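The structure appears below as structure tokens.
The values are calculated or read from the model by the stated rules, or taken from the named source; none is laboratory data. Treat the numbers as computed from the prediction; the structure is a model and nothing was measured. Every residue, glycine as well, gets a Cβ built from its backbone with ideal geometry; the counts of neighbours run over all protein chains shown. Remember, those area values only see protein heavy atoms, side chains included, never the ligands or the DNA or RNA. Shrake-Rupley method; radii C 1.70, N 1.55, O 1.52, S 1.80 Å.
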Amino acid sequence: GAGVSQSPSNKVTEKGKDVELRCDPISGHTALYWYRQSLGQGLEFLIYFQGNSAPDKSGLPSDRFSAERTGGSVSTLTIQRTQQEDSAVYLCASSRDNEAFFGQGTRLTVV
Amino acid sequence: EDQVTQSPEALRLQEGESSSLNCSYTVSGLRGLFWYRQDPGKGPEFLFTLYSAGEEKEKERLKATLTKKESFLHITAPKPEDSATYLCAVQRGRRALTFGSGTRLQVQP
């Protein structure tokens, strides 16, 4: 596809379980971002990958959150031991030069 | 620390009633200022990038302008389909984008 693809689109999980969210960026885009958006709120930065540089992890809220980007393409955001406050929409974006293009997000609900 | 403040939080307009949304920012070494539109349940949709003070960009009924401290998104003769949340973001160097909390625009027929 031509755009950023995220899966799953919706995920309901039990408190304490681990979840993995996937992002397929636009082909050729070297930068990849993860953001979190709670209901009615703005976008909260989580982590940023730029080419082969070390990722900027400064936005990760706790050590339960981690992300990797394999082969400079697909990225996976992992949340361990999920808590109810992790419920949000997780958005991924990719960029080649300047403009960042977003996927439709994964809506995570922790029950 | 980079900061982005958007105002108003919410705006209700009548169809055809022009207005402006404000984005004030504090960032050292601005690389770009970005405007996005977000519809409910969707990811943000890219609208504009502005790079330097004095720059303007237009798309249909929207025009974005930039000064050294703020950006405006002018909406001329809006239509109901322009209803959405408009997000502003800044980028410092090759860092992640910092977003404001957005302006929820509602255009009534």
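Within the range B:38-109, the chymotrypsin sites (Phe, Trp or Tyr not before Pro) that combine a DSSP coil assignment with at most 15 other C-beta atoms in a 10 angstrom radius are B:Y51.
Ranked from the most accessible area to the least, with a 1.4 Å probe and all protein chains present, what is the order of A:R69, B:R104? Walk me through the numbers on the way to the answer.
Values: A:R69 40, B:R104 130 Å².
Most to least solvent-accessible, the answer reads B:R104, A:R69.
When only the heavy atoms of the protein chains count and the probe is 1.4 Å, how do A:K17, B:K68, A:K11 rank by accessible area, highest first?
On the way: A:K17 110, B:K68 170, A:K11 80 Å².
Of A:K17, B:K68, A:K11, the descending order of accessible area is B:K68, A:K17, A:K11.
Determine how many Å³ per residue the convex hull of the Cα atoms of the protein assembly as shown encloses. Show your work: numbers first, answer last.
Working: hull volume 26.8 nm³, N = 220.
Hull volume normalised by residue count: 122 Å³.
If you take the alpha carbon radius of gyration of chain B and divide it by 2.2 N^0.38 Å, what ratio comes out, to two decimals?
On the way: Rg = 13.3 Å, N = 109, 2.2 N^0.38 = 13.1 Å.
Normalised by 2.2 N^0.38 Å, the Cα Rg of chain B equals 1.02.
Long-range amide H contacts for B:R31: which residues qualify at under 5 Å (H placed 1.01 Å from N, peptide plane, sequence gap of 5 or more or a different chain)? Correct list: B:Q91, B:R92, B:G93.
Compute the label zone of B:R61 within the range B:75-90: residues whose backbone N is under 13 Å from the point 7 Å along Cα-to-Cβ. B:75-84, by backbone N distance to the label point.
Enclosing the Cα atoms of chain A in their convex hull gives a volume equal to 96 cubic angstrom per residue.
Please report the carbon-and-sulfur percent of the accessible area for chain B; probe 1.4 Å, protein heavy atoms only, DNA, RNA and ligands left out. Write out the running numbers ahead of the final one.
Details: 2380 of 5350 Å².
Solvent-exposed carbon and sulfur of chain B make up 44 percent of the total.
Computed from backbone phi with θ = phi - 60° and the Karplus coefficients 6.51, -1.76 and 1.60, the 3J(HN,Hα) list for the range B:37-42 is 10, 10, 8, x, x, 10 Hz; x is used for glycine and proline. Only protein heavy atoms count here; on that basis, with a 1.4 Å probe, A:D63 has an accessible area of about 130 Å².
Residue ranking by accessible heavy-atom surface, 1.4 Å probe, largest first, among A:H29, B:H74 comes out as B:H74, A:H29.
Compute the longest continuous run of chain B that contains no exposed GluC sites (Glu not before Pro); treat a site as exposed when its DSSP state is not H, G, I, E or B and it has at most 11 other Cβ atoms within 10 Å.
Working: sites that count: B:E1, B:E9, B:E60.
Longest stretch, sites excluded: B:10-59.
Sites listed here are GluC sites (Glu not before Pro) in the range A:1-72 whose DSSP assignment is loop and whose Cβ has at most 15 other Cβ atoms within 10 Å: A:E14.
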